[in-house]
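So the structure is just underneath, and the comments pick up after that.
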Amino acid sequence: MALSGDVCDHIRAVGEVKGPKRRECEECVKIGSAWMHLRTCQECGVTLCCDNSPNRHATKHAHASGHAVIASAEPGERWLYCYPDDAFAEY
Ligand SMILES: [Zn+2]
Ligand SMILES: [Zn+2]
Ligand SMILES: [Zn+2]
């Protein structure tokens, strides 16, 4: 995987980028809420909603679990983001 951007060790450690199993926020579906965009955790593979969504489930998951890196799960977007380092890389 060729990376460009502000690459940290967490992002470097991502081998094959995990994509969404389903295009929906697993937590919003449970509570019947809406979301804007989707992100997939690169540690456990869960797909959750972005910070523009009312529930910000991806960020909450990262803080609660310590999982560092998410990927955009939006079609056509190819980027990774690391929470602890605030690093952003395209692939
Ligand atoms: Zn990092
Ligand atoms: Zn959500
Ligand atoms: Zn996770």
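If you take the residues in the range 48-59 that are surrounded by 14 or more Cβ atoms within 10 Å (Cβ to Cβ) and under 13 Å from Cys28 (Cβ atoms), which one is nearest to ligand 1 (Cβ to nearest atom)? Break it down into steps so the answer makes sense when it comes.
Applying the first criterion (surrounded by 14 or more Cβ atoms within 10 Å (Cβ to Cβ)) to the range 48-59 yields 48-50, 53, 55-59.
When the remaining residues are screened for being under 13 Å from Cys28 (Cβ atoms), the result is 48-50, 53, 55-58.
Details: Leu48: 18, Cys49: 21, Cys50: 18, Ser53: 23, Asn55: 24, Arg56: 19, His57: 20, Ala58: 15 Å.
It comes out as Ala58.
Take the conditions over 22 Å from Tyr91 (Cβ atoms), among the polar types (S, T, N, Q), out of contact with any Ser or Thr (no Cβ under 7 Å at 6 or more places or on another chain) and more than 13 Å from ligand 1 (Cβ to nearest atom) and apply them to Ser33. Does it pass? Walk me through how you get there before you give the answer.
Working: over 22 Å from Tyr91 (Cβ atoms): yes; among the polar types (S, T, N, Q): yes; out of contact with any Ser or Thr (no Cβ under 7 Å at 6 or more places or on another chain): yes; more than 13 Å from ligand 1 (Cβ to nearest atom): yes.
It is true that Ser33 is over 22 Å from Tyr91 (Cβ atoms), among the polar types (S, T, N, Q), out of contact with any Ser or Thr (no Cβ under 7 Å at 6 or more places or on another chain) and more than 13 Å from ligand 1 (Cβ to nearest atom).
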(request) Give the range 1-47 a look and list any residue that's surrounded by 11 or more Cβ atoms within 10 Å (Cβ to Cβ), within 10 Å of ligand 2 (Cβ to nearest atom) and hydrophobic (A, V, I, L, M, F, W, C), or say none. (result) Cys25, Cys28, Val29, Trp35, Met36, Leu38
(request) Give me the pairs, please: first residue somewhere in the range 56-69 and more than 23 Å from Ala34 (Cβ to Cβ), second residue anywhere and part of a loop (DSSP other than H, G, I, E, B) and away from ligand 1 (no atom under 15 Å from the Cβ), beta-carbon distance under 7 Å, and either six or more positions apart or on two chains. (result) His67/Cys44
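For every residue, the table says whether it meets (1) in contact with a strand residue (DSSP E or B) (Cβ under 8 Å, 6 or more places away or on another chain); (2) within 16 Å of ligand 3 (Cβ to nearest atom).
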| residue | (1), (2) |
| --- | --- |
| Met1 | no, no |
| Met36 | yes, no |
| Thr40 | yes, yes |
| Thr47 | yes, yes |
| Gly76 | no, no |
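Laboratory data are not the source of any read-out in this text; all were calculated from the coordinates shown. Everything numeric in this text was worked out from a predicted model, so none of it was measured. Using ideal geometry, Cβ is built from the backbone for each residue, glycine included, and neighbour counts are taken over all protein chains shown.
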